[in-house]
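The values are calculated or read from the model by the stated rules, or taken from the named source; none is laboratory data. Everything quoted here is computed from the prediction, not taken from an experiment. Ideal geometry is used to build each Cβ from the backbone, glycine not excepted, and the neighbour counts take in all protein chains shown. The area values use the complete protein model at the heavy-atom level, side chains included, leaving out ligands, DNA and RNA. Shrake-Rupley method; radii C 1.70, N 1.55, O 1.52, S 1.80 Å.
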Amino acid sequence: MKRAVIAAAVLALAGCTVVNEHRAPPADWPQLEVTVEETGFWETQEKCGRNVAEVLLIGPALGCAYINFDEMRCRIYLWLNSVLDHELLHCRGYDHYGSTALRDYWETWKKENQNVQR
């Protein structure tokens with residue numbers, strides 16, 4: 001019974017990781033090559049930067065997207081396929097509402113690489 005309550009709490013908290021409210025991407029966001037890797041529960045937590053304490057306190061990562069402008073790639077790691085559309089939005093430059101992390105990363109990368117021919 002105690003395990004069921006803990007599992008229910010973790011799953012309820014995990015819901016906030018897939019809220020689909022996003023801000024529009026920068027107009028010049030590049031088209032990135034996307035790869036998707038289905039991973040197990042703990043591998044996803046590792047790839048997405050969640051430790052055991054974070055999993056217990058804020059819930060598990062269901063998936064995440066890693067963007068690398070040097071390679072013009074976006075790698076998606078998924079524990080649950082239901083968050084694929086959400087992670088694809090990040091690959092297309094959509095930040096979570098209230099965040100500018102992807103926009104800031106893109107602007108910083110452009111400034112640091114303005115003289116690099118692609």
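Does Glu33 fit the bill of being open to solvent by 60 Å² or more (accessible area, probe 1.4 Å), in contact with a Cys (Cβ under 9 Å, 6 or more places away or on another chain) and at pLDDT 95 or above?
Values: open to solvent by 60 Å² or more (accessible area, probe 1.4 Å): yes; in contact with a Cys (Cβ under 9 Å, 6 or more places away or on another chain): yes; at pLDDT 95 or above: yes.
Spelling it out, Glu33 is indeed open to solvent by 60 Å² or more (accessible area, probe 1.4 Å), in contact with a Cys (Cβ under 9 Å, 6 or more places away or on another chain) and at pLDDT 95 or above.
Quick one: in the stretch 61-98, which of the residues that are open to solvent by less than 80 Å² (accessible area, probe 1.4 Å) and of a type in the set (Gly, Ala, Ser) is nearest to Gly49 (Cα to Cα)?
Once the filter is applied, the top-ranked residue is Ala61.
All but one of (1) of a type outside the set (Gly, Ala, Ser); (2) outside any strand (DSSP E or B); (3) in contact with a Cys (Cβ under 9 Å, 6 or more places away or on another chain) hold for Tyr105, so report the exception by its number.
(3)
For Tyr66, only one of the following conditions fails: (1) within 15 Å of the chain's Cα centre (by Cα); (2) modelled with pLDDT under 95. What is its number?
Tallying (1) within 15 Å of the chain's Cα centre (by Cα); (2) modelled with pLDDT under 95, Tyr66 fails exactly one: (2).
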